């Protein structure tokens, strides 16, 4: 599709996504193959909707789908054990707050902000479907949205909680790659602190660190929502502070352009070298909010500006800054997303930065970034802006691998059942793992990606439980490379207390998210236990200490209504 035709299509199609995203159901790759060796292929939808079974009912039976051959490779590195003995003492001091069934009822009004319920992955039977395939995800917006809700004294809507974005908000100090591939894979597993018959497996992927002076020049077009809904300090005010901070941390050979959209679109600043930093910052300072919203035309203008300044082998990106709320007409959201994919194939990626609450449209902001091959962040404080645009700037801007897919193969001789915590809207059909035409996720320089599985192992088996394959393309490449890693059975810890601090932290964060999103598989998990786990695992890092504080808030919010009844 030509760029001019893409622009015209986008202007007429973008509108439906913005008005209807509160109730939109986006297509997912939910089908898995039921292909046996030499057999015909039959595909079934195996992902359940989010429906919580009663506590006195048995857990759902493992789903059954596909069988495929196994392969093995050297295992990843292991982390040193960490003492977990303090947990039982700390737990005894916490309120006896249970899992999802003891959370107070949700306020249905809160979901008017625009969140999408992608369901909850269920347990799978590896004798029928041994493959778990998904696209990598380094977004963190869900965690910061939940943080803001909790600090304002409310539990986040369950549909706003994406487990992977909670887990990937934190750093786990994985080993750097050896240079053969752009990432390293780190495994660890230990019995569940909630159910001794179950085991948690962590698969951690660490991206290659790149020094700031080694990254290519970047050419950014800020597309800023200046509609009336942005007229609050936590929106347009914080947005201006964040963009100013980003400019302050760019290099002289970078360029910045600025466009706005409200009742109409405006080209505020043509691509300008950061050598003229004062001109750029002055243009940002003049931004004011007011009027209705015309995001479709704004995107058209921003992409036009980006293409006119397109530099091969440099970083070319549109950054949409908005609360996601807009006035639009009817059209097909899937056509809109396909159009954005056309733009990315021509060399310009798109990231989204969310601001504000009350009318916030999370689904639209997340899907635009997903299809634009960029990142999705939510900024609730200037401190969060510093994290994204200062501390993590190189990873925020520079992609080191694109279309990254992960496929974990579970050996049915060692694993009775498994489920992936999160990544529901990143699911990829098993048959598409090696289909390089299927879009997947991107990983930035220095970024880490963590996936948590809950397993039921066969006690008598000594066979390796899992093999992990990662498939990716170079940032400017079209051919994919694949690497394979095996996780040996003898590296499963004997108990949770023997696992490393980073592993305990990741499990604590995942468990917190599972309870907040009211997962039926966390019905018997306990926020008090999660708090004790997180407190024991937390180091001096401010984000880890903040996690403990947020769990404390959730405990109070969960326990208060229950105490009144």
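With only the Cα atoms considered, region 419-507 has a convex hull volume of 138 Å³ per residue.
Here is the size of region 473-520 from its Cα atoms: Rg then Dmax, 17.2, 44 Å. Starting from the Cα of residue 542, step 7 Å along the direction of its Cβ; do the same at residue 209; then give the gap between the two resulting points in nm. It works out to 2.0 nm between the two label points.
For region 371-457, the fraction of C-alpha pairs farther apart than 20 angstrom is 51 percent. The residue 152 and residue 346 beta-carbon pair, evaluated with R₀ = 56 Å, returns a calculated FRET efficiency of approximately 0.85. Solvent-free Debye calculation, one equal scatterer per alpha-carbon of region 239-311: log10 I(q)/I(0) at 0.18, 0.20 Å⁻¹ equals -0.73, -0.89. For residue 180 and residue 244, the difference between the fully extended length at 0.36 nm per residue and the C-alpha to C-alpha distance is 19.3 nm.
Got a sec? How would 208, 505, 155 order by Cβ neighbour count within 10 Å, fewest to most? Walk me through the intermediate numbers first.
Numbers: 208 19, 505 26, 155 22.
Least to most surrounded, the residues fall as 208, 155, 505.
When only Cα pairs below 8 angstrom with a gap of at least 6 residues are kept, region 398-482 shows a relative contact order of 52 percent. Projected onto their three principal axes, the Cα atoms of region 177-243 cover extents of 54, 38, 15 Å, largest first. DSSP assigns beta bridges within region 463-565; of those with both partners inside it, close to 100 percent run antiparallel.
Listing 314, 472 from fewest to most neighbouring C-beta atoms within 10 Å gives 314, 472.
What number, in percent, do you get for the relative contact order of region 124-258 if the mean sequence gap of Cα pairs under 8 Å and at least 6 apart is divided by its residue count? Computed value for region 124-258: 16 percent relative contact order. The distance separating the Cα centre of region 459-511 from that of region 398-454 comes to 11 Å. The smallest convex shape that holds all Cα atoms of region 433-565, its convex hull, gives 176 Å³ per residue. Extents of region 128-267, largest first, come to 59, 44, 31 Å (Cα atoms, principal axes, whole angstrom).
Starting from the Cα gyration tensor of region 192-284, take the square roots of the eigenvalues, sort them a ≥ b ≥ c, and report rounded, prolate or oblate (rounded when a/c is under 1.5, otherwise prolate if a/b is larger than b/c, else oblate). It comes out oblate by the Cα gyration axes.
Length available on full extension from residue 390 to residue 107: 0.36 nm per residue minus the Cα-Cα distance, which gives 98.3 nm. Using only the Cα atoms of region 125-209, build the gyration tensor, take square roots of its eigenvalues as a ≥ b ≥ c, and label the shape rounded, prolate or oblate: rounded if a/c is under 1.5, else prolate if a/b is larger than b/c, else oblate. Note, shape of region 125-209 comes out oblate.
Residues 406, 463 in ascending order of nearby Cβ atoms (within 10 Å, fewest first): 463, 406.
Read-outs: derived from the displayed coordinates by stated rules, not from any lab. These figures come from a predicted structure and were not determined experimentally. Note that we place each Cβ from the backbone using ideal geometry, even for glycine, and neighbour counts take in every protein chain shown.
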